[in-house]
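Written below as structure tokens is the structure these notes are about.
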Amino acid sequence: MSAEPYADEELAMTDLEIINPSIPRGRFRFVLFDFDGTLSLIREGWPQVMIPMMVEVLADTGTREDDATLTAIVEDFVMRLNGRQTIYQMIQLAEEVKKRGGTPLEPLAYKHEYHGRLMLRIQGRIDALASGHATCDDWTVPGTHAILSHLRERGLQLYLASGTDIAFVKREAELLGLTPFFGSHIYGALDDYQNFSKKMIVERIIQENNLRGEELLGFGDGFVEIEEVKRVGGVAVAVASDEANRRGIHAWKRDRLVRAGADLVIGDYRQTDELMRFLFG
């Protein structure tokens, strides 16, 4: 279904795109949030770390493909798997090495190398938050605390699920002042990766709480969480955040998330009041 403007002129002027105007509204009891890019900006720029690292690894196989070709290949599978645990991107990297006649490292070794490089980019942000030299608002998607407060005040139960390792998710959520909104319902990647997935979390929410699909609301900037929320009949809000500029909708993200089945698209949470009015009526 093509996007349609909402009738309210004020709402139409915000970064809120209604893809599916016929969604069930006002029935929500539980809300699932992704973390990186959806709430947290601490890891902003991670593709600029992961993709070049993988291109280096593939180039070292002796392939005749140039860097531009390898970059396109890597970017495609990295972003397609965005939202799943990081290890899945590394498993795919190992497969790509094999395709080119190379002998890959264990996916976990690639993951550790990536994380080491990523920490060089983000450690200063973490230190600034821990020391008080940066505020929570400096490294969250604009309006994050406002929307979480609104949802909690309405009595909804909030869940957080991330493809980032659970220890890092919990630490970064604490630094950003997000832990009180989710309590014990913060989930992330495990070394035993087969024991965690966003699909598992969605199914647990549905089964343990005897939920109907339309009672689940999901927010995410990755393909996976949008697909999983829609798979059970929930309503999915794509957060097509422009993480670098912190304003507006990132067109490339938006297009992929719409293809994943998103019902609404937002760039951030500056329009929380309007969004709540649309979702809850």
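Only the coordinates and a few stated rules stand behind these numbers; no lab work does. Since we're looking at a predicted model, the values are computed, not measured. Note that each Cβ is placed from the backbone with ideal geometry, even for glycine, and that neighbours are counted across all protein chains shown.
Once C-alpha pairs closer than 8 Å and six or more residues apart are averaged by separation and normalised to the residue number of region 95-211, the relative contact order reads 20 percent. One Cα centroid belongs to region 189-209, the other to region 77-130; the line between them spans 21 Å. The mean sequence separation of alpha-carbon pairs under 8 Å and at least six residues apart, normalised by the residue count of region 47-131, gives a relative contact order of 30 percent. When the Cα gyration tensor is reduced to axis lengths a ≥ b ≥ c, the ratio a/c is 1.5 or higher for region 47-131, and with a/b above b/c it is classed as prolate. Computed from Cα atoms, the angle from the helix 86-99 axis to the main principal axis of the chain rounds to 40 degrees. Among 93, 160, 70, the residue with the largest mean-square fluctuation in a Gaussian network model of the chain, with springs joining Cα atoms closer than 10 Å, is 70. The charge dipole of the chain, taken about its Cα centre with unit charges on the Cβ atoms of Lys, Arg (+1), Asp and Glu (-1) only, comes to about 580 debye. Cross-link check: pairs 170/230; 99/253; 98/230 evaluated at a Cα-Cα cut-off of 30 Å; pairs beyond the cut-off: 98/230. From least to most packed, judged by other beta carbons within 10 angstrom and beginning with the fewest, 131, 162, 241 follow the order 131, 241, 162.
Could you tell me how many degrees, from 0 to 90 and to the nearest 10, lie between the Cα long axis of helix 251-260 and the main elongation axis, the longest principal axis, of the Cα atoms of the chain? Relative to the chain, helix 251-260 is tipped by roughly 80 degrees.
Among 270, 247, 259, the largest mean-square fluctuation in a Gaussian network model of the chain, built with springs joining Cα atoms closer than 10 Å, belongs to 259.
Shape summary: the chain maps onto an equivalent ellipsoid whose semi-axes, from the alpha-carbon gyration tensor, are 32, 21, 19 Å in decreasing order. Expressed in units of 2.2 N^0.38 Å, where N is the residue count, the Cα radius of gyration of region 54-95 is 1.14. Helical content alone sets the calculated 222 nm signal of the chain at -14500 deg cm²/dmol, taking -39,500 (n - 2.57) per DSSP H segment of four or more residues and averaging over every residue.
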